[in-house]
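Trainee: Take a look at this one; I'll ask things after.
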Amino acid sequence: LIGDSDALVLPYRQASQSGVAAAALALGRQVIATDVGGLAEQLRDAPQAILCPPDAGALADALRRWRDRRLTPGSSPATDPMAAWTAMAAQLRAGLGAISGAS
């Protein structure tokens, strides 16, 4: 389903993390999500993600930005799925190292 989509919308008021967001990034799909919890940490550095505050007006603005970005030729960055997974794994390792005290 994600592979057949143009974008994934995650309109949460609170969230810890999202496996579907990671899958969408790995498949090179756009992600529009509210800037809450683990979603913010997971998506803040993803060029194909748009984050917004968790309210209806901000989500509507984010969807318009996504629509406008789609209408601009060459505006969607090409995504290498293996590089996306490697970057996510490195970020996870760094986070786990930080909370465990390991370097």
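The values are calculated or read from the model by the stated rules, or taken from the named source; none is laboratory data. Just so it is clear, the structure is predicted and the values come from calculations on it, not from any experiment. Heads up, the Cβs are rebuilt from the backbone with ideal geometry, glycines too, and the neighbour counts pull from every protein chain shown.
Trainee: Would you call Ala49 free of Cβ contacts under 8 Å to residues at least 12 places away in the same chain, within 15 Å of Leu10 (Cβ to Cβ) and under 10 Å from the mean Cα position of the chain (by Cα)?
Mentor: Answer is no for this residue.
Trainee: Suppose the filter is free of Cβ contacts under 8 Å to residues at least 40 places away in the same chain and under 18 Å from Asp68 (Cα atoms); does Leu8 pass it?
Mentor: yes
Trainee: Another one. Without any contact (Cβ under 8 Å) to a residue 40 or more places away in the chain and not in a loop (DSSP other than H, G, I, E, B): is that true of Ala15 in this structure?
Mentor: For Ala15, the condition - without any contact (Cβ under 8 Å) to a residue 40 or more places away in the chain and not in a loop (DSSP other than H, G, I, E, B) - is not met.
Trainee: Right, another one. Within the set of pairs 6+ apart or on separate chains, which have a first residue in the range 54-71 that is basic (Lys, Arg), a second that is assigned to a loop (DSSP other than H, G, I, E, B) and modelled with pLDDT under 95, and C-beta atoms under 9 Å apart?
Mentor: Pairs found: Arg69/Ser75; Arg69/Ser76; Arg70/Asp6; Arg70/Ser76.
Trainee: Among the residues of the range 25-52, how many are closer than 17 Å to Arg67 by Cα and crowded, with 18+ Cβ neighbours inside 10 Å?
Mentor: Residues that pass the stated criteria total 11.
Trainee: Within the range 50-100, how many residues are part of a loop (DSSP other than H, G, I, E, B) and modelled with pLDDT under 80?
Mentor: Qualifying residue count for the region: 9.
Trainee: Going by the structure shown, is Ala22 under 22 Å from Arg69 (Cβ atoms) and either out of contact with any helix residue (DSSP H, G or I) (no Cβ under 8 Å at 6 or more places or on another chain) or at pLDDT 90 or above (or both)?
Mentor: no
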